[in-house]
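Enquirer: Before anything else, here's the structure in question.
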Amino acid sequence: MRVIVVTGGVISGVGKGVATASIGRILKEYGFSVTAIKIDPYINYDAGTLRPTEHGEVWVTDDGGEIDQDLGNYERFLSVDIPKTNNITTGQIYKEIIDKERRGKFLGQTVQFIPHVPDEIKRRIKEAGKDYDFVLVEIGGTIGDYENLPFLFATKSLEIELGKNNLVHILVSYMPVPSHVGEMKTKPTQQAIRMLNETGIFPDFVLCRAVKPLDDVRKKKIETYANISSENIISAPDIKSIYRVPLNFEKERLGEKILKRFELKPRKKPDWNNWKKLVEKIENPRKKITVAMVGKYVDIGDFSLVDSYISINQALEHAGAELDIGVDIKWIDSKQLENKKPTALKKFDGIVIPGGFGSSGVDGKINAIKFARENNIPFLGLCFGLQLGVIEFARNVCNMKAHTTEVDPKTKYPVIDVLPSQKSILAENKYGGTMRLGAYAAILERSKTLDLYIKTKRLEKDIKRIEALKKDKDQLFRLGLIHDAKNVVLERHRHRYEVNPKFIDILKKHGLVFPGYHVREDGTRLMEFIELPKHKFFIATQAHPEFKSRLGDPAPLFLGFVEAACCR
Ligand code: GLN
């Protein structure tokens with residue numbers, strides 16, 4: 001096993017995740033198998049309970065993990081499904097050790113920071129990387145954070161265990177250009193390197209993030225002051241699309257240099273043709289559309305917003321790249337659409353209602369859906385977006401004063417509700433046990449939705465995946481594949497409420513189509529999609545298809561939505 005450890009210097013938030021994902025993609029292009037781990041030094045067990053406005057979106061894995069969004073970048077760049085065990089937090093490490101101690105597994109030993117904490121960290125890294133040529137380990141936060149230390153110590157120890165030739169350290173650092181001087185400063189990076197050296201780690205490569213490319217003078221300066229060959233100091237300037245990052249790294253021959261450091265030869269010649277074409281389409285699209293994302297986190301400020309829905313932004317971008325269409329996203333605070341006709345939405349080519357929880361801004365979202373339905377504006381609803389789509393239809397077409405019990409527990413028409421089996425669990429406040437998390441199977445009937453899954457070859461792929469799982473009965477059971485069905489797709493979920501089976505007939509009678517459903521063990525059908533066939537594009541899903549969208553392999557519903565929005 002070979003390990004690449006990525007740490008960050010100077011400040012956080014400079015794209016360490018994208019840099020890590022890009023290195024992985026480059027190694028994959030050279031013919032190696034790659035996986036990636038994100039280490040989050042916080043004490044939370046996972047990202048499930050973190051505020052999205054502070055930490056960005058919660059990423060959901062196939063196996064039901066609620067994880068840091070960086071895992072999303074790894075999956076998008078590497079085109080692999082990464083399991084939840086590839087996100088390690090301080091909380092998990094300590095919980096594991098304390099649980100083990102309580103079970104008497106340490107046989108009377110004093111359980112201590114050293115060696116038990118680094119040992120548990122190393123065990124997890126080795127476990128995650130065992131079937132791959134390379135495992136990338138990104139350590140969250142910045143060098144100098146107290147909470148990083150156990151992880152740095154563990155990777156140093158891993159370096160000794162595996163040998164220097166099997167572990168490479170990469171530092172992603174930031175070079176500020178103070179406006180009053182107008183000069184790019186290398187000193188903070190020199191200091192970050194020195195701080196890393198204090199932990200016994202000497203970075204093999206430094207990736208220099210900055211507004212502009214790094215010149216030779218500055219490369220030389222870092223070489224002189226930090227004892228790293230200027231060959232291994234790589235420029236990483238700001239760019240329009242994150243997908244250009246691996247291409248830029250390759251301009252500096254980063255892949256070859258990393259392989260050389262591992263004393264390895266490329267297994268194949270990289271082929272970036274398709275990737276390059278897609279990036280060019282993102283940067284200079286033939287056509288442009290503007291989509292309204294009616295969300296809830298808007299009032300917290302523009303910057304956090306973009307990250308709160310990062311996978312949706314990416315999925316729209318991937319669909320756009322496929323069609324050579326640029327997708328501009330305008331953030332609309334759903335609270336501003338309450339108690340009035342949302343005529344401001346008229347100018348948009350399409351409307352997206354993303355996932356969400358709680359009552360804030362709900363009426364504005366319902367108003368937006370009504371406007372999209374009545375004015376034939378393409379509409380895509382994701383999770384909460386589907387639930388509110390059903391409520392809107394029940395209210396304005398079926399004439400029921402409908403709601404979700406999440407917002408109005410006493411509603412007379414609970415068209416969205418928790419299943420009876422979940423009610424007793426919820427009554428005991430065990431919220432964690434009632435979420436539907438991770439991949440679940442949906443059976444599709446003839447519809448626009450099915451057509452899109454066929455057109456994008458996703459149906460074919462998911463059926464192949466299910467075939468490959470035929471022997472793994474536990475997995476099939478987890479996905480809900482207890483019935484033989486032809487058109488089955490797998491999408492990821494993160495929700496608690498469902499379309500109430502009691503209201504399906506009446507909704508159908510008024511024209512709402514449910515083109516796909518999940519069958520539970522007890523035979524209950526959970527609705528996975530809604531569709532209005534006569535509308536230009538009115539489709540919503542209980543799932544989060546954005547988590548499976550990749551550059552070059554867009555999510556079916558996003559592709560359909562962008563296409564419909566473009567020829568409006
Ligand atoms: N709040 C809704 C539920 O729990 C929708 C969740 C979501 O959009 N992810 O069912």
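FYI, it's all coordinate maths here, none of it is from the lab. Not measured: the values here are computed from a predicted model. Because the Cβ atoms are built from the backbone with ideal geometry, glycine has one as well, and the counts that use them run over all protein chains shown.
Enquirer: So who's got an amide H within less than 5 Å of the one on Tyr42, skipping anything under 5 residues away but keeping other chains? H placed 1.01 Å off N, in plane.
Expert: It is Thr90, by chain and number.
Enquirer: Apply the Karplus parameterisation 6.51 cos²θ - 1.76 cosθ + 1.60, with θ equal to phi minus 60°, to every residue of segment 92-106 and state each ³J(HN,Hα) to the nearest whole Hz, in sequence, with x for glycine and proline.
Expert: After applying 6.51 cos²θ - 1.76 cosθ + 1.60, I find 5, 4, 5, 4, 4, 5, 5, 4, 5, 5, 5, 7, x, 6, 8 Hz.
Enquirer: Continuing with this model, one more query. State the answer as a single residue: which of Ser308, Leu380, Leu323 lies farthest towards the positive end of the charge dipole of the chain, with beta carbon charges of +1 for Lys and Arg and -1 for Asp and Glu, about the Cα centre.
Expert: Final value for the positive-end residue is Leu323.
Enquirer: Once you have the alpha carbon radius of gyration of segment 130-203, what is it after dividing by 2.2 N^0.38 Å, with N set to its residue count?
Expert: On the way: Rg = 14.9 Å, N = 74, 2.2 N^0.38 = 11.3 Å.
That works out to 1.32 for segment 130-203.
Enquirer: Per 0.36 nm of contour for each residue apart, how much would the distance between Met1 and Glu183 grow if the chain were fully extended, relative to their Cα-Cα spacing? Intermediate values should be presented prior to the final figure.
Expert: Numbers: separation 182, 0.36 × 182 = 65.52 nm, distance 4.16 nm.
Additional length available on full extension: 61.4 nm.
Enquirer: Answer with one residue from Pro176, Ile88, Pro554: the one whose Cα lies farthest towards the positive end of the charge dipole of the chain, charges on Cβ with Lys, Arg +1 and Asp, Glu -1.
Expert: After comparing all options, I get Pro554.
Enquirer: If I stretch the segment between Thr224 and Asn399 completely, what's the gain in nm (0.36 nm per residue apart, minus their alpha carbon distance), one decimal? Please report the intermediate quantities before stating the final value.
Expert: On the way: separation 175, 0.36 × 175 = 63.00 nm, distance 7.50 nm.
Once the chain is fully extended between Thr224 and Asn399, it gains 55.5 nm.
Enquirer: Place a +1 charge on the Cβ of each Lys and Arg in segment 230-269 and a -1 charge on the Cβ of each Asp and Glu, then give the dipole magnitude about the Cα centre in debye, rounded to the nearest 20. Don't skip to the end; give the middle numbers.
Expert: On the way: 11 positive and 6 negative charges, 60 e Å.
About 280 debye.
Enquirer: Kindly flag which residue pairs out of Lys276/Lys457; Lys212/Lys335; Lys370/Lys464; Lys276/Lys548; Lys473/Lys508; Lys296/Lys340 have an alpha-carbon separation exceeding 28 Å in this structure.
Expert: On the way: Lys276/Lys457 22 Å; Lys212/Lys335 39 Å; Lys370/Lys464 38 Å; Lys276/Lys548 21 Å; Lys473/Lys508 34 Å; Lys296/Lys340 17 Å.
Violating the 28 Å limit, Cα to Cα: Lys212/Lys335; Lys370/Lys464; Lys473/Lys508.
Enquirer: A follow-up question, please. Once amide H atoms are built 1.01 Å from N in the peptide plane, which residues 5 or more positions from Leu207, or in another chain, come under 5 Å H to H?
Expert: Amide H neighbours of Leu207: Leu171, Val172, Ser173, Ile234.
Enquirer: What percent do you get for the relative contact order of segment 117-229 when only Cα pairs under 8 Å and 6+ apart count? Write down the numbers at each step before the final one.
Expert: Details: 105 pairs, mean separation 26.8, N = 113.
Rounded, it is 24 percent for segment 117-229.
Enquirer: Can you check what the Kirkwood hydrodynamic radius comes to for segment 45-105, Cα pairs only, in Å to one decimal?
Expert: Details: mean 1/r = 0.0788 Å⁻¹.
Over segment 45-105, the inverse of the mean reciprocal pair distance is 12.7 Å.
Enquirer: A further question on this structure: For the pair Lys212 and Ile454, what calculated FRET efficiency results from E = 1/(1 + (r/R0)^6), where r is the Cβ-Cβ distance and R0 = 41 Å, to the nearest 0.05?
Expert: Numbers: r = 46 Å, r/R0 = 1.12.
Plugging the Cβ-Cβ distance into 1/(1 + (r/R0)^6) gives 0.35.
Enquirer: How much net charge surrounds Ile454 when only other residues with a Cβ under 13 Å from its Cβ are counted (Lys, Arg +1; Asp, Glu -1)? Walk me through the intermediate numbers first.
Expert: On the way: positive: Arg446, Lys448, Lys455, Lys457, Arg458, Lys461, Lys486; negative: Glu445, Asp451, Glu460, Asp462.
Taking every other residue near Ile454 into account, the sum is +3.
Enquirer: Now for a different question. Could you tell me which of the pairs Lys401/Lys502; Lys219/Lys257; Lys287/Lys461 are separated by over 18 angstrom between their Cα atoms in the structure shown?
Expert: Details: Lys401/Lys502 15 Å; Lys219/Lys257 16 Å; Lys287/Lys461 30 Å.
Violating the 18 Å limit, Cα to Cα: Lys287/Lys461.
Enquirer: Moving on to the next point. Mind listing the phi-derived Karplus ³J(HN,Hα) values for segment 24-33, rounded to whole Hz, using 6.51, -1.76 and 1.60 with θ = phi - 60°, and x for any glycine or proline?
Expert: So the J values, rounded to whole Hz, are x, 4, 4, 5, 5, 4, 8, x, 10, 8.
Enquirer: Cα centroid distance between segment 1-30 and segment 353-411, in Å?
Expert: Segment 1-30 and segment 353-411 have Cα centres spaced 40 Å from each other.
Enquirer: Right, next: Using only C-alpha positions, report the orientation-averaged shadow area of the convex hull of the chain, nm², one decimal.
Expert: Numbers: hull surface 111.7 nm².
Projected over every direction and averaged, the Cα hull of the chain covers 27.9 nm².
Enquirer: Let me ask something additional. Which distance in Å, rounded to a whole number, links the C-alpha centroids of segment 115-148 and segment 37-109?
Expert: Taking the Cα centre of segment 37-109 as reference, the centre of segment 115-148 is 12 Å away.
Enquirer: When all C-alpha to C-alpha distances in segment 77-209 are sorted into bins of 10 Å, what percent of pairs does each bin hold, rounded to whole numbers?
Expert: For segment 77-209, the binned pair fractions read 10, 35, 32, 16, 6, 1, 0 percent.
Enquirer: Now for a separate question. Could you run the Karplus curve 6.51 cos²θ - 1.76 cosθ + 1.60 with θ = phi - 60° over segment 253-265 and give me ³J(HN,Hα) per residue in whole Hz, x for Gly and Pro?
Expert: Couplings: 6, 5, x, 4, 5, 5, 4, 4, 4, 8, 6, 10, 10 Hz.
Enquirer: Per DSSP helix of 4 or more residues, -39500 (n - 2.57); summed, then divided by the residues of the chain. What does that give at 222 nm, rounded to the nearest 500?
Expert: Numbers: 21 runs with 218 residues, N = 568.
Calculated from helices alone, the mean residue ellipticity at 222 nm is -11500 deg cm²/dmol.
Enquirer: If you stretched the chain out fully between Arg520 and Arg550, how much longer would it get, using 0.36 nm times the residue separation minus the C-alpha to C-alpha distance?
Expert: On the way: separation 30, 0.36 × 30 = 10.80 nm, distance 2.90 nm.
Stretched out fully, the Arg520 to Arg550 stretch lengthens by 7.9 nm.
Enquirer: Related question: Convert 4 °C to kelvin, take the viscosity as 1.567 mPa s, use the Kirkwood radius over C-alpha pairs of segment 161-288 as Rh, and evaluate the Stokes-Einstein diffusion coefficient in µm²/s, rounded to a whole number. Provide the component values of the computation, followed by the final result.
Expert: Numbers: Rh = 16.4 Å.
Result for D is 79 µm²/s.
Enquirer: Which far-off residues, 5 or more places away or on another chain, put their amide H under 5 Å from the one on Ala543, with H placed in the peptide plane?
Expert: Amide H neighbours of Ala543: Cys383.
Enquirer: Can you give the local net charge around Asp238? Use residues other than it whose beta-carbon is closer than 11 angstrom to its beta-carbon, Lys and Arg +1, Asp and Glu -1.
Expert: Numbers: positive: Arg209, Lys212, Lys240, Arg244; negative: none.
Spelling it out: positives minus negatives among the neighbours equals +4.
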